[in-house]
Each structure stands twice: as C-alpha cells, then as structure tokens.
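The values are calculated or read from the model by the stated rules, or taken from the named source; none is laboratory data. Just so it is clear, the structure is predicted and the values come from calculations on it, not from any experiment. Positions of Cβ are generated from backbone atoms using ideal geometry, with glycine treated the same way; all protein chains shown enter the neighbour counts.
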Amino acid sequence: MSHGTYCTPVPHNEPVKNYAPGSPERAAIKACLQRMAAETVEVPLVIGGEEVRTGRLAEMVMPHDRQHVLGTYHRATSEHVHAAIQAAARAKVGWLETPWEERAAIFLRAAELLATRWRDTLNAATMLNQSKTVHQAEIDAACELIDFFRFNVHYMEQLYAEQPESAPGMWNRLEHRPLDGFVFAVTPFNFTSIAGNLPSAPALLGNTVVWKPASTSVLSNYYVMKLFEEAGLPAGVINFVPGSGADVGDPALTHPSLAGIHFTGSTATFQRMWRQIGAGIADYGQYPRIVGETGGKDFVVAHPSADTEALVVGLVRGAFEYQGQKCSAASRAYLPRSRWPELKDRLAALLAELAMGDIRDFRNFLGAVIDQASFDQLAGSIQAARASSDATVVLGGECDDTAGWFIRPTVIEAHRPDYVTLREELFGPVLTVFVYDDARYEEVLDLCDRTSAYALTGAVFAEDRAAVALALRKLRFAAGNFYVNDKPTGAVVGQQPFGGSRASGTNDKAGSLLNLLRWVSPRTIKETFVPPRDYRYPFLGEE
Ligand code: SIN
C-alpha cells in the first residue's frame, strides 16, 4: 500500500555514445562482439518465469556472414501459447495489485541496467543478428529502449494524475485499470527498442503479456527478456514465445481472453490479424484493443529552393541507413528537374563512398539485409526496374548473397508517377526518384499525397518558407511524422512521438501518453459521503 503521492524522476534522453577510435566504449563493444561471435547460445521460451525447451529448433545467423550461426532458439507450439496465456492470467492477480510506483521502479531499474551492464550485450546482439552498425545499434537497442522505459514511466504518472472534478459532498475518482485479459505483443526485427517497448508499455500499466518476437531478431530480444528478469519483473508478467506466425498467432488471436494486440510489422500481417479478430468478435470477453504500426512509402519532396547538401545528406541517411529497413526510411523522392543533374551527381559521389560489409568492421556504413526472402524480393524489384521502360536504375543495383545478403544502395528513376516502387513498400536500400517540372511543385504535393496507401513519415526540403507552408497544408494526412529540412527517420522518444495513419497503422504514437491510453480501461468511482435518506425531491411538494 502506498503512503505518498510520489513523483517519478524527470526523464531525459539517454546520451548517444560515439564509439570513436580510442574510446572506452569502442574497446568494450569490440570485446563483446568477439565473445558473442565465438559462442553459440540456445534460446528457450520463457513462460511463467520458467525456461521451456520445445526441441523445435531454428537457427540464428549473421545476415552479413550468413553461414555463421550465433545459436538456436526453441519454437513454440499452440500448447506453449496456451501455457503462456495461463501464466499471464496467473501473474495478473499479483501484478494488478502491485502499486504503480513499484511497477515504475522495475522499468526505471531496467533503464539503468541497460545504460550500464546490459548496454554492450544488447548492442552486440543487435549488430550481429540484425546487421546494424554500432551507431544504429546504439541509437536503437540502448538509447531508444532506455528512453521508452524512462518516458513511459513519466507518462504513466501523468495519466494516473488525470482525475475528474468532484461536486460538494462527494469524491469522484478514475481508476486507470489495466485491460481485462492478456495483451499479445508481436514485435519486428528492425528495432530492438520497439521489440522491448511493445510488451513493456502494456506491462507497465498493469497488464500481463504474451510476447512473440520476430524470428530474425530472437537473440537481442531474448537478452531484453533477461534484462526484464534482472530488473525484477515478476514471473509471468511478460512471457516470451518465439515461433511461427501461425503456431503462435492463431492460438493467441482466437483466445477469449485476448484484450489487445501491440504490433509492429508488415501491413499484410496486421490486416490479417485485424480480420481474424473481427471474425471472432462475439467470442472475446472484451473488445480487443488493436494497436499497430506497419509499413510506409515514406517520401521526401524537394522544392527548387532546397539546399543541395542538406537534401542529399537527408536522402542518403534517410533512405540507406540500416539498409533502408526502417519503417520510416525515405523510399520515394520528388525532385525538381532543374536540380536533378546536380543532385544525381552528388548522390552518386556520396553513395560511392559508402562502405558495405561486416558490421564488425566499423568503417562500414551498411550491413546486409535481414534474410534471404528480403534479399530475393529486393533483387527482384531491382531486376524488374532494369527490365522496365518505365524506370531506370540510375545508381547502385548490385546484389550479392555469396557471403551475406548484400544489396548496394540503389536509386531508381521512375518515368511514370505511378511506377510500382513509388507506390509499394520494399523495405530495403532502394530509393525511387520522380523528377518533376519546377513549376509544378503544388501539383507534385498532391501527387505525393495520393500515390501510396501509406502515411507514416515524410519530409520537405525548401529554403522558401511559403513552399514549406504549402507542403505542411497539402500533405497534412500524408504522414504521421513530418520533417522540415530533415530526414524522415530517427524519431526520438519524448521529442517526435512516432506513428502514422492510413495503411501505416493506428497512429498510437509509441513512447507517448497517447500510446499508454490504449492499455488502460478506466473505472469511474463515485463516492457520496452522506447519501440522501429521502427519495422525494422538493418539486414534489404541495403548492
Ligand atoms: C521505425 O519504426 O522504423 C523507426 C523510427 C524512426 O526511424 O523514426
């Protein structure tokens, strides 16, 4: 029982370490990478705090050195998912009664553990198994996940302080209850921080969770699970169940206790889950909350007044960092005809400088794409562009899966505004450019707005303020995160709450109070101190 109205620590964004030559953090991460690459680990399921080995093993590999097996993980069957749901239900009893400040303390401790003892482990696992450079791992697995923990605690405090008025003689209260069932968290490979946030945000609010990690990021995600345990998260609050979409997803999604899904992944999967929930809607104990962030066809629109270097750097970082595998990555650009020759030359010069290879060599700006399926899809799209009269591959385009799944940063020039790679998400290092007549800037904004079904991120580059204002107005619904003279990636928790609408998701803004609202089901409590003892109202009296 609490005896105080506690204030949580004021959150701040975790400083990003730079890993420059000679720095202590560089030496430490290099040692950790070497150690982890030399071992093979076996990752179990974690259900109700118990490690479970199913014997249905799958390999965890390095995408940039695909023969290198980092270990194996056990895959769940539907029985394990049912056991995880039961464990979540058992844990709910105690977790529900745990004072909010105790829950906060566990996640604040997780933040400090990650900032210190666990930092190298999570970064190295993210580098090796997800092929992130040290900088991309640091801003994700360390800094962003720490920020999620710290800021969500702060937002929980704000949410709980949201209370109604009370008229004289009574007290009205809002109890911000967790949902009445379990939350199913389905997490993506591309951000370890999102993988950690999707189960932990609902858990912080008193929910218990079944967590299905992506099959291509199990190593780092397992270490996140160990971090939760070390931070003091009680057994069964989060249950870790890797496995296939069908083996894990179907039993979780059709269970009557499903209270919500917290999802990041492909649009097709999200829509399938939504349909599945819709089809069984009469069978649930409550209407499941559906919170999802999916794909994007994220754009950069350049006005003729755009600054060349700012624009080209924005395109290179925005389109190609982490091999373009961010939901937010720039994947289409609308560039003015008068500037195209100069921009193409600058892009060509910068792309020629970008080294690609094993992320353990810190000179590499790029690693490999995540797996064979992704490689094949990207190589196929590049090949189709080469074969099409509607497009020209102007830069890059080389694909080589001999050692790892490597795709050179590629720029396609589309000759039609509805060319397929201007509309559909590829999720890789491929940027499609559409060159427009300078005088048609306003028309190109309309074109950008209606070309793709997505609305996640977008950017405008212009020195002319009126051009910026016009883009803000015309593209109001084209992106949930909109950037002016900046790349459309790299949202920071507490600064640019992240999420998009249309086909991109429910725009519930991860790492913000808006997201936490989805994990509570408020109960209004009215207490009348001295209740009336006569049913008659004064108007009932005789004249
Ligand atoms: C993402 O979810 O893909 C990343 C967020 C960002 O880069 O802003």
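Out of all the residues in the range 88-103, which are in contact (Cβ under 8 Å) with a residue 24 or more places away in the chain and over 17 Å from Pro213 (Cβ atoms)?
Passing the criteria: Ala89, Arg90, Ala91, Lys92, Gly94, Trp95, Leu96, Thr98, Pro99, Trp100, Glu101, Arg103.
Would you point out which residue out of Phe263, Phe320, Phe299 is touching a Gly at 6+ places or on another chain (Cβ under 6 Å), closer than 30 Å to Tyr223 by Cα, of a type outside the set (Gly, Ala, Ser) and touching a residue at least 12 places away in the same chain (Cβ under 8 Å)?
Phe263
If you scan the range 374-425, which residues turn out to be among the aliphatic types (A, V, I, L, M) and in a loop (DSSP other than H, G, I, E, B)?
Within the range 374-425, Ala403 is the sole residue that qualifies.
Within the range 431-449, identify whether any single residue is more than 16 Å from the ligand (Cβ to nearest atom) and closer than 30 Å to Asn197 by Cα, and answer yes or no.
Scanning the range 431-449 turns up no residue that is more than 16 Å from the ligand (Cβ to nearest atom) and closer than 30 Å to Asn197 by Cα.
Of all residues in the range 458-471, how many are more than 15 Å from the ligand (Cβ to nearest atom) and either farther than 18 Å from Ala330 by Cβ or small (Gly, Ala, Ser) (or both)?
Count: 9.
Check Arg339 against each of (1) in contact (Cβ under 8 Å) with a residue 24 or more places away in the chain; (2) part of a loop (DSSP other than H, G, I, E, B); (3) surrounded by fewer than 21 Cβ atoms within 10 Å (Cβ to Cβ) and name the one condition it does not meet.
All conditions are met except number (2).
Restricting to the range 476-492, give me the number of residues that are touching a residue at least 24 places away in the same chain (Cβ under 8 Å) and either within 20 Å of Glu442 (Cα to Cα) or more than 10 Å from the ligand (Cβ to nearest atom) (or both). Before you say what the answer is, go through the steps one by one.
First, the residues of the range 476-492 that are touching a residue at least 24 places away in the same chain (Cβ under 8 Å): 477-492.
Then drop every residue that is not either within 20 Å of Glu442 (Cα to Cα) or more than 10 Å from the ligand (Cβ to nearest atom) (or both), which leaves 477-480, 482-486.
Residues flagged as touching a residue at least 24 places away in the same chain (Cβ under 8 Å) and either within 20 Å of Glu442 (Cα to Cα) or more than 10 Å from the ligand (Cβ to nearest atom) (or both) within the range 476-492 amount to 9.
Give the range 178-192 a look and list any residue that's part of a loop (DSSP other than H, G, I, E, B), within 15 Å of the ligand (Cβ to nearest atom) and in contact with a strand residue (DSSP E or B) (Cβ under 8 Å, 6 or more places away or on another chain), or say none.
Scanning the range 178-192 gives Thr187, Pro188, Phe191.
Would you check if there is a residue in the range 526-540 being of a type in the set (S, T, N, Q) and buried (at least 20 other Cβ atoms within 10 Å of the Cβ)?
No, there is no match, as no residue in the range 526-540 is of a type in the set (S, T, N, Q) and buried (at least 20 other Cβ atoms within 10 Å of the Cβ).
Just for the range 493-506: of the residues that are away from the ligand (no atom under 13 Å from the Cβ) and not in a loop (DSSP other than H, G, I, E, B), which one is surrounded by the most Cβ atoms within 10 Å (Cβ to Cβ)?
Arg502
Per-residue answers, yes or no, for (1) under 24 Å from the mean Cα position of the chain (by Cα); (2) buried (at least 21 other Cβ atoms within 10 Å of the Cβ); (3) assigned to a loop (DSSP other than H, G, I, E, B); (4) at pLDDT below 95:
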site	(1), (2), (3), (4)
Met60	yes, yes, no, no
Glu79	no, no, no, no
Ala88	yes, yes, no, no
Glu102	no, no, no, no
Ala105	yes, no, no, no
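Taking the range 90-100 as the region of interest, how many residues are touching a strand residue (DSSP E or B) at 6+ places or on another chain (Cβ under 7 Å) and surrounded by 17 or more Cβ atoms within 10 Å (Cβ to Cβ)?
The first filter runs over the range 90-100 and keeps only residues touching a strand residue (DSSP E or B) at 6+ places or on another chain (Cβ under 7 Å), leaving 91-92, 95-96.
Okay, now just the ones that are also surrounded by 17 or more Cβ atoms within 10 Å (Cβ to Cβ), so 91-92, 95.
The total comes to 3.
All but one of (1) within 16 Å of the ligand (Cβ to nearest atom); (2) touching a helix residue (DSSP H, G or I) at 6+ places or on another chain (Cβ under 9 Å); (3) under 16 Å from Gly318 (Cα atoms); (4) among the aliphatic types (A, V, I, L, M) hold for Ala510, so report the exception by its number.
The one condition Ala510 does not meet is (3).
From the set of residues in the range 433-471 that are in a strand (DSSP E or B) and aromatic (Phe, Trp, Tyr), which is surrounded by the fewest Cβ atoms within 10 Å (Cβ to Cβ)?
Tyr436
Test each condition in (1) free of Cβ contacts under 8 Å to residues at least 60 places away in the same chain; (2) buried (at least 23 other Cβ atoms within 10 Å of the Cβ) for Gln163 and report the one that comes out false.
Looking at each condition in turn, Gln163 falls short on (2).
Return a yes/no flag: does the range 393-407 have any residue that is on the phi < 0 side of the Ramachandran plot, of a type in the set (Phe, Trp, Tyr) and more than 16 Å from the ligand (Cβ to nearest atom). Walk me through it before giving the result.
The first filter runs over the range 393-407 and keeps only residues on the phi < 0 side of the Ramachandran plot, leaving 393-395, 398-407.
Now restrict to residues that are of a type in the set (Phe, Trp, Tyr): 405-406.
Right, trim to more than 16 Å from the ligand (Cβ to nearest atom) and you get 405-406.
Yes, there is a match, as at least one residue in the range 393-407 is on the phi < 0 side of the Ramachandran plot, of a type in the set (Phe, Trp, Tyr) and more than 16 Å from the ligand (Cβ to nearest atom).
Kindly establish whether Pro234 is touching a residue at least 12 places away in the same chain (Cβ under 8 Å), away from the ligand (no atom under 16 Å from the Cβ), over 19 Å from the mean Cα position of the chain (by Cα) and not in a helix (DSSP H, G or I).
yes
Please pick out the residue among Thr294, Thr308, Thr267 that is touching a helix residue (DSSP H, G or I) at 6+ places or on another chain (Cβ under 7 Å), β-branched (Val, Ile, Thr) and within 16 Å of the ligand (Cβ to nearest atom).
Thr294
Inside the range 201-221, can you point out the residues that are within 16 Å of the ligand (Cβ to nearest atom) and assigned to a helix (DSSP H, G or I)?
Ala201, Ser220, Asn221, listed by residue number.
Are any residues in the range 292-320 assigned to a helix (DSSP H, G or I) and crowded, with 24+ Cβ neighbours inside 10 Å, and if so, which ones?
At the first step, the residues of the range 292-320 found to be assigned to a helix (DSSP H, G or I) are 308-320.
Residues satisfying the conditions are Leu311, Gly314, Leu315, Gly318, Ala319, Phe320.
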